[in-house]
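Chemist: What follows is a single structure, and I will ask about it in a moment.
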Amino acid sequence: RTSFLTHVTDMSEKFSEVDKLRAELLQNLEAAGETTASYVEDTGRLEVLTRIEKVIQKVVFSISKGEAPVLELNTRSCWSNIRFDKSVGLLISLDASVTTVRSDCASSVKKFALFLKVLEMIYKLVQTDSYATKRDMYYNDPQLFGTQRNLDLIVDDISCMLKIPRRSLHVIATSKGFISGDLCYLEADGTRVECYSSSTAVPVSSNVSGISNIVSTAKFVLVVEKDATFQRLLDDEFCTRLHPCIIITGKGVPDINSRLMVRKLWDTLCIPVFALVDADPHGIEIMCIYKYGSISMAFEAPSLTIPSILWMGLLPSDIERLKVPQESLIPFTKSDDSKLMSLRKRPYVSCQPAWKTEMDILLNLKQKAEIQSLASIAPHFLTRVYLPNKLRYGGWI
């Protein structure tokens with residue numbers, strides 16, 4: 001009995017700051033008159049078919065008038081087309097400029113034909129209520145598409161043009177992320193998935209929107225930038241030591257499924273989400289993608305971003321505070337310099353003064369540190385000292 005009471009006391013102390021944070025997050029949601037339900041619902045099959053038919057009707061109508069058909073697409077790679085909303089993230093501006101794909105122009109006629117081909121493939125998938133991966137679609141005619149990237153960009157452009165989430169187009173992508181911890185759920189086909197193993201991880205679902213019956217008592221979700229760090233957490237049985245929690249990685253720049261999964265966990269469990277990334281410009285940018293989205297996928301931001309995500313580490317200020325050995329630090333490159341300068345100009349930095357302070361430290365240091373550098377302090381420093389203390393004393397921003 002004494003042992004049990006000690007365990008309960010230790011647990012309440014260990015997560016007291018995390019519990020306070022969760023209460024604060026829920027209070028903020030209620031004050032804003034919001035729930036954590038996803039902002040963007042999946043579009044019904046009939047609506048998807050109708051929108052595709054309207055595009056084809058415009059093409060046919062142009063031809064019937066003796067005019068060359070044209071497709072209009074939002075420009076998805078330009079900051080001038082983006083507006084920032086701190087409660088959602090990066091969104092496409094209402095007056096965003098468009099680019100045209102013409103059927104009577106030598107430089108775009110093939111792209112126009114590819115768009116119609118992919119629209120046809122999507123129409124058949126939705127009509128028959130079947131799904132295909134982008135890889136399957138590419139190998140349907142690899143010579144026609146040229147590269148997988150060509151197909152990927154067209155699918156995203158179509159999703160943006162129709163204002164329909166890609167999952168509602170019945171196009172799915174193979175996941176690259178992994179997840180582990182206090183979590184079980186049902187896949188769309190009824191398969192029960194358990195993520196409880198302390199030493200192995202489960203691949204992130206390729207159909208996150210089809211997941212149901214999520215069960216978890218986790219206190220928080222930890223989003224880990226790199227697979228190597230994620231594996232280190234598994235090897236050190238982090239999920240057992242800091243039970244109950246969930247850890248997930250997108251293995252670098254996250255794929256859509258990893259982002260959807262983190263968002264699904266936030267929507268369902270309403271628990272704090274923390275980011276563990278390298279103290280370098282690229283790590284910071286990856287955290288920003290989870291939190292506020294990216295310009296190329298701004299049209300899906302409401303269902304992908306987690307604006308409440310907090311930066312757990314590795315903070316640039318931790319480098320000096322923990323006296324990380326000099327030999328473990330990496331000198332800045334020109335690429336790092338330009339990436340950091342670009343980040344400092346992003347619209348979301350102005351509402352994150354603590355982030356700006358950390359970026360200034362990085363700029364002055366002219367050095368960066370990977371999460372693995374903490375092992376130079378002590379072999380298990382990350383899992384047995386750094387993260388437990390961060391969670392216990394609220395060391396996030």
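Chemist: What pairs can you find where one residue is in segment 86-107 and closer than 19 Å to LYS58 by Cβ and of a type outside the set (S, T, N, Q), the other is in a strand (DSSP E or B) and open to solvent by 60 Å² or more (accessible area, probe 1.4 Å), and their Cβ atoms are less than 9 Å apart, with a gap of 6+ or different chains?
Modeler: Matching pairs, first to second residue: VAL98/GLU72; VAL101/GLU72.
Chemist: Being surrounded by 13 or more Cβ atoms within 10 Å (Cβ to Cβ), of a type in the set (A, V, I, L, M, F, W, C) and outside any loop (DSSP other than H, G, I, E, B) is the filter here; which residues of segment 80-102 pass it?
Modeler: Those that are surrounded by 13 or more Cβ atoms within 10 Å (Cβ to Cβ), of a type in the set (A, V, I, L, M, F, W, C) and outside any loop (DSSP other than H, G, I, E, B): ILE82, PHE84, LEU90, LEU91, ILE92, VAL101.
Chemist: Select from segment 232-242 the residues that are in contact with a strand residue (DSSP E or B) (Cβ under 8 Å, 6 or more places away or on another chain) and in contact (Cβ under 8 Å) with a residue 60 or more places away in the chain and write down the one among them that is nearest to PHE15 (Cα to Cα).
Modeler: Filtering segment 232-242 down to residues in contact with a strand residue (DSSP E or B) (Cβ under 8 Å, 6 or more places away or on another chain) leaves 233-234, 238-239.
From the residues that got through so far, the ones that are in contact (Cβ under 8 Å) with a residue 60 or more places away in the chain too are 233, 238.
Working: LEU233: 19, PHE238: 15 Å.
Result: PHE238.
Chemist: Among the residues of segment 48-64, is there at least one that is part of a strand (DSSP E or B) and among the aromatic types (Phe, Trp, Tyr)? Quick ask: steps written out before the conclusion?
Modeler: Of the residues in segment 48-64, the ones part of a strand (DSSP E or B) are none.
The answer is no; no qualifying residue exists.
Quick grid of which residues meet (1) part of a loop (DSSP other than H, G, I, E, B); (2) modelled with pLDDT of 90 or more; (3) open to solvent by 80 Å² or more (accessible area, probe 1.4 Å):
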| site | (1), (2), (3) |
| --- | --- |
| ASP104 | yes, no, yes |
| LEU114 | no, yes, no |
| VAL118 | no, yes, no |
| MET121 | no, yes, no |
| TYR139 | no, yes, yes |
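Chemist: While we're looking at this one, here's another question. Out of all the residues in segment 169-204, which are surrounded by 21 or more Cβ atoms within 10 Å (Cβ to Cβ) and over 30 Å from LYS14 (Cβ atoms)?
Modeler: The answer is LEU169, VAL171, ILE172, SER175.
Chemist: Identify all residues within segment 320-350 that are of a type outside the set (Gly, Ala, Ser), closer than 30 Å to GLU17 by Cβ and touching a Ser or Thr at 6+ places or on another chain (Cβ under 8 Å); write none if there are none. Before the answer, list the steps.
Modeler: The first filter runs over segment 320-350 and keeps only residues of a type outside the set (Gly, Ala, Ser), leaving 320-327, 329-334, 336-337, 339-341, 343-349.
Subset that is closer than 30 Å to GLU17 by Cβ: 320-325, 329, 340, 343-344, 346-349.
Once the filter is applied, which keeps residues that are of a type outside the set (Gly, Ala, Ser), closer than 30 Å to GLU17 by Cβ and touching a Ser or Thr at 6+ places or on another chain (Cβ under 8 Å), segment 320-350 yields VAL324, PRO325, LEU329.
Chemist: Of everything in segment 309-329 that's assigned to a helix (DSSP H, G or I) and of a type outside the set (A, V, I, L, M, F, W, C), which residue is surrounded by the most Cβ atoms within 10 Å (Cβ to Cβ)? Step through it out loud before you land on a result.
Modeler: Step one: list which residues in segment 309-329 are assigned to a helix (DSSP H, G or I), which gives 316-321, 326-328.
Now restrict to residues that are of a type outside the set (A, V, I, L, M, F, W, C): 316-318, 320-321, 326-328.
Working: PRO316: 23, SER317: 17, ASP318: 20, GLU320: 10, ARG321: 10, GLN326: 9, GLU327: 7, SER328: 16.
Here the answer is PRO316.
Chemist: When you scan segment 176-284 for strands (runs of 3 or more DSSP E) that lie fully inside it, which ones turn up with 2 or more residues that are at positive phi? Give the steps one after another, and end with the answer.
Modeler: Values: elements: 178-181, 184-186, 192-194, 212-215, 221-224, 246-249, 273-276.
Strands (runs of 3 or more DSSP E) meeting the threshold: none at all.
Chemist: I would also like to ask the following. Take the conditions surrounded by fewer than 15 Cβ atoms within 10 Å (Cβ to Cβ) and touching a helix residue (DSSP H, G or I) at 6+ places or on another chain (Cβ under 8 Å) and apply them to THR217. Does it pass? I'd like the intermediate steps shown before the answer.
Modeler: Details: surrounded by fewer than 15 Cβ atoms within 10 Å (Cβ to Cβ): yes; touching a helix residue (DSSP H, G or I) at 6+ places or on another chain (Cβ under 8 Å): no.
Against the criterion (surrounded by fewer than 15 Cβ atoms within 10 Å (Cβ to Cβ) and touching a helix residue (DSSP H, G or I) at 6+ places or on another chain (Cβ under 8 Å)), THR217 does not qualify.
Chemist: Can you tell which of ILE361, ILE306 is open to solvent by 50 Å² or more (accessible area, probe 1.4 Å) and aliphatic (A, V, I, L, M)? Explain how you work it out, then say what you get.
Modeler: Values: ILE306 fails: open to solvent by 50 Å² or more (accessible area, probe 1.4 Å).
Step by step, each of ILE361, ILE306 is checked, and only ILE361 is open to solvent by 50 Å² or more (accessible area, probe 1.4 Å) and aliphatic (A, V, I, L, M).
Chemist: Here's another thing I want to ask about it. Give all pairs with beta carbons closer than 6 Å in which a residue from segment 188-204 that is in contact (Cβ under 8 Å) with a residue 40 or more places away in the chain meets a residue that is in a loop (DSSP other than H, G, I, E, B) and open to solvent by 70 Å² or more (accessible area, probe 1.4 Å); count only pairs at least 6 apart in sequence or on separate chains.
Modeler: SER198/GLU237
Chemist: Another one. Out of segment 330-358, which residues are surrounded by fewer than 18 Cβ atoms within 10 Å (Cβ to Cβ), among the charged types (D, E, K, R) and within 18 Å of MET312 (Cα to Cα)?
Modeler: LYS356
Chemist: Of all residues being touching a Leu at 6+ places or on another chain (Cβ under 8 Å) and open to solvent by 20 Å² or more (accessible area, probe 1.4 Å) in segment 141-156, which is farthest from LEU242 (Cα to Cα)? Just the residue, please.
Modeler: If we take residues in segment 141-156 being touching a Leu at 6+ places or on another chain (Cβ under 8 Å) and open to solvent by 20 Å² or more (accessible area, probe 1.4 Å), then LEU144 is farthest from LEU242 (Cα to Cα).
Chemist: Can you spot a residue in segment 128-137 that is assigned to a helix (DSSP H, G or I), open to solvent by 70 Å² or more (accessible area, probe 1.4 Å) and either out of contact with any strand residue (DSSP E or B) (no Cβ under 8 Å at 6 or more places or on another chain) or of a type in the set (A, V, I, L, M) (or both)?
Modeler: Checked against the condition, which is being assigned to a helix (DSSP H, G or I), open to solvent by 70 Å² or more (accessible area, probe 1.4 Å) and either out of contact with any strand residue (DSSP E or B) (no Cβ under 8 Å at 6 or more places or on another chain) or of a type in the set (A, V, I, L, M) (or both), segment 128-137 yields at least one hit.
Chemist: Do you know which residues across segment 107-154 are acidic (Asp, Glu) and on the phi > 0 side of the Ramachandran plot?
Modeler: Initial filter on segment 107-154 (acidic (Asp, Glu)): 120, 129, 136, 141, 152.
Within segment 107-154, ASP129 is the sole residue that qualifies.
Chemist: If I ask for residues that are open to solvent by 10 Å² or more (accessible area, probe 1.4 Å) and acidic (Asp, Glu), which ones from segment 265-296 would you list?
Modeler: Hits for segment 265-296 are ASP267, ASP280, GLU285.
Chemist: Exactly one of these conditions fails for VAL59: (1) open to solvent by less than 90 Å² (accessible area, probe 1.4 Å); (2) in contact with a Leu (Cβ under 6 Å, 6 or more places away or on another chain); (3) modelled with pLDDT of 90 or more. Give me its number.
Modeler: Failing condition for VAL59: (2).
The values are calculated or read from the model by the stated rules, or taken from the named source; none is laboratory data. Remember, it's a predicted structure, so these values are computed and weren't measured experimentally. Every residue, glycine among them, receives a Cβ derived from its backbone with ideal geometry; neighbour counts consider all protein chains shown. Calculation scope for accessible area: heavy atoms of the full protein, side chains included, ligands and nucleic acids excluded. Shrake-Rupley method; radii C 1.70, N 1.55, O 1.52, S 1.80 Å.
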